[in-house]
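We did not get these values from a lab; they are worked out from the coordinates using the rules stated. Computed from a prediction, not measured in an experiment: that's the story for all the values here. So basically every Cβ, Gly included, is an ideal-geometry build from the backbone, and we count neighbours across all protein chains shown.
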Amino acid sequence: MATVNLADYAPLVGQSMLDEIKALGEKLGGASIQHINSTAVGGGVAEILARLVPLMGEAGLKSEWTVMEGTPPFFQVTKTFHNAFHGVKVDVTPDMLETYREANRQNYNKVDTGANFVVVHDQQPLGLTEVMNQQQKWIWYCHIDPVDVDHRVWRFLGSFAGKCHAAIYHLPEYAKGLGLPEYLLPPAIDPLSEKNREVTAEEKAQVLERLGILLDKPIVLQVSRFDRLKDPVGVIQAYKMVKKITPCQLILAGGGAADDPEGAQVLAEVREASEGDPDIHILDLPPTANLEINVLQRVAAVVVQKSLREGFGLTVTEAMWKARPVVAAAVGGIKKQVLHEQTGLLAHSVEGAAWSIYRILNNPAYGEVLAKAGREHVRKNFILPVYLRTWLGLLNAMGQSEGYSGC
Amino acid sequence: MTKEFSFARPIRLVRNGAFRAGSLSGLIKGLSAARPEALFYHLYRHYWEIEQAPEGGYNDFALWAGERLGEKVLAEKLASVQLAAIMQIEPARETMVRYCEEYLGGMTGIYRVPEGQELYFQEVTTVAIPTGKKAANLKELLEIWRVLEPASVFLHLVEARMKPVAGVQELAGWLFTAGEEELAKEVAQVSMYPYPLSIMQAYIAALLERRLGEDGNGKPGGLCPLSGPVNAG
């Protein structure tokens, strides 16, 4: 894939925004920033960092991305913590806490102790805060919904998060009241990435042929990893209600992120729920299937995201960017993107989702109105250059508050 | 010689505001104790998010009282706060708290919204970036003002008037310093609600045009009537 530079975004956001990004970067005077997370591929965080880090570098920062290493038991523990963040009742044992601590200890040497800013993404690397030094500014970026986190898990992880100088959440209701500046910064998509760029008719045809998808019926699509919190079975139920009166086909496209051991089990449940219906296509795609996702989103008549919980929902952002009508659950960050009856339709139940899908399939002109407004909403708020600009503003503000030289 | 007017663009950093209201008494508590940055955010955020107030000129407090608490009368009162406290945070706070307390006094019970429907107080911090555009006189000011982005219009016309923003000049203040006292007074009387930013921008341009006498007879340039968005006070 060709290298993307800041200048390539000018047609989307205007030269003035790029000038601001450069000016903000210069104000930071060559400061260094290290991003740390737990997976190099799969999931929204890895996707963002793959694009954000080089652009921060182009803006004048010394920017690096470090992936912490972990054993299968560590990822089993962090998956349990992940579920606990979403209110799932979990057993937390002293052994699990020690597994977490030990994995983080094994990664202490990955922390750049000379970096001006260190950003730990999500809960997996929070234990690294043990090695922060006073010259640094540490930021915890919570990308998931922590409202109903199990109190024992939060008591453990919150002790690490509380050591940071600032926290970032996607929504105000996610703020944990850590007693430090808590910023609100939703994530963004890269409109020029393989997953979101324009595609040619030839690429479209090749991908559809490879995946065995025919365009003989309108496509209802959900893209997400096979995770119960994405409610793939609920999507199948909604589709079946619609299909009784309107011909359509359903595609559930996703995969399991490298740090998600439950993916295979959920995939099996989904296959079972879809048995006997040849119009349901379950595509277990690798994390690198960006062009495939891109094409599927572009050919869909309706893109669904029927999550039970959602940190932000970047798959919704992607579909809106491609000017496709969206039906999504009114949860988490989706509510910031899908403004009901303006930029898409919100649903609160299987029946509500089915009714909204039906409305769009039977009134494509209305779907197009929603889709057009949705794309503009994303362009103004949720694409990478806008995100980068806010990030740089935030780093400037943090530097100023402590008199960081160069700010 | 008057210092040049430097145009800037804002980047708004939103922070958690520490209060969450789930009932009218919770709203009173939040309104009473929230930082000015939070009140500013909830009174004005629509201007930088959608470049105008939402339908009816409602601010966040009014919207929440009407939609979540179901108190339409209180919502109207909270929306009208601009009449009592035009572009001033603390008088707006006092007025809104008074409206809520009076309303609460007439209620027989307290309704609490379901979980997830609370009003989360948020705060905004503005970081300003110079655009590089500068005006040394009214003519240059008008040329740039006409094509200024809405975000910068709000920054120079409203936000900088209500609170100091590092590196940002306030328009009326600059005009006053430049010896344009009458014009400065007119600009300072501009009212926000319920006009979109585009109307505000055109109105200021019309004032500048009139001062410059661009139409040759000293009358307004015709971009919008001068009986537009003006605060009588």
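Some observations on this one:
- Candidate aspartates and glutamates for bridging to residue A:204, where Cα separation is under 12 Å - those fewer than 8 sequence places away on the same chain excluded: A:292
- Alpha carbon convex hull of the range B:107-147, volume per residue in cubic angstrom: 204
- Cα lying deepest toward the dipole's positive end in the protein assembly as shown, options B:25, A:305, A:193, charges on Cβ: B:25
- Our Cα-only numbers for the range A:199-262 put the radius of gyration and Dmax at 14.1, 40 Å.
- Across A:306/A:335; A:79/A:230; A:62/A:336; B:3/B:139; A:217/A:243, pairs whose alpha-carbon gap is larger than 21 Å: A:62/A:336
- Least to most buried among A:195, B:3 (fewest other Cβ within 10 Å first): B:3, A:195
- Relative to the Cα centre, the charge distribution of the protein assembly as shown, modelled as +1 at Lys and Arg Cβ and -1 at Asp and Glu Cβ, gives a dipole magnitude of about 520 debye.
- If both residues of a DSSP beta bridge must be in the protein assembly as shown, then about 30% of such bridges are antiparallel.
- The calculated P(r) of the protein assembly as shown, using every Cα pair and 20 Å bins from 0, goes 17, 49, 30, 4, 0 in percent.
- Helical segments meeting 15 Å axial Cα length and Kyte-Doolittle -0.5 threshold in chain B (DSSP H): B:197-212
- Farthest positive-ward along chain B dipole, Cα basis, beta-carbon charges - from B:138, B:208, B:39: B:39
- Alpha-carbon Debye profile of chain B, log10 I(q)/I(0) at 0.07, 0.12, 0.13, 0.17 Å⁻¹: -0.26, -0.69, -0.79, -1.18
- A convex hull fitted around the alpha carbon atoms of the range A:195-334 yields 105 Å³ per residue.
- From its DSSP helices (H runs of at least four residues, each -39,500 (n - 2.57)), the protein assembly as shown gives a residue-normalised ellipticity at 222 nm of -13500 deg cm²/dmol.
- In chain B, Cα pairs under 8 Å separated by at least six residues give a relative contact order of 27 percent.
- Only one residue of B:87, B:105, B:52 has its Cα farthest out toward the positive end of the dipole of the range B:12-123, where Lys and Arg carry +1 and Asp and Glu -1 on Cβ, and that residue is B:105.
- Column: log10 I(q)/I(0), Debye, Cα scatterers of the range B:12-123, q = 0.17, 0.18, 0.21, 0.24 Å⁻¹: -0.76, -0.86, -1.21, -1.62
- Taking B:28, B:110, A:36 and counting other C-beta atoms within 10 Å, the order from fewest to most: B:110, B:28, A:36
- Computed on the Cα atoms alone, the convex hull of the range A:273-404 gives a volume of 145 cubic angstrom per residue.
- With contacts taken as Cα pairs under 8 Å at a separation of at least 6 residues, chain A carries a relative contact order of 17 percent.
- Charge context of residue A:369, other residues only, Cβ under 13 angstrom, K/R +1, D/E -1: +1
- By the beta-carbon count within 10 Å of each Cβ, the least crowded to most crowded order of B:12, A:155, fewest first, is A:155, B:12.
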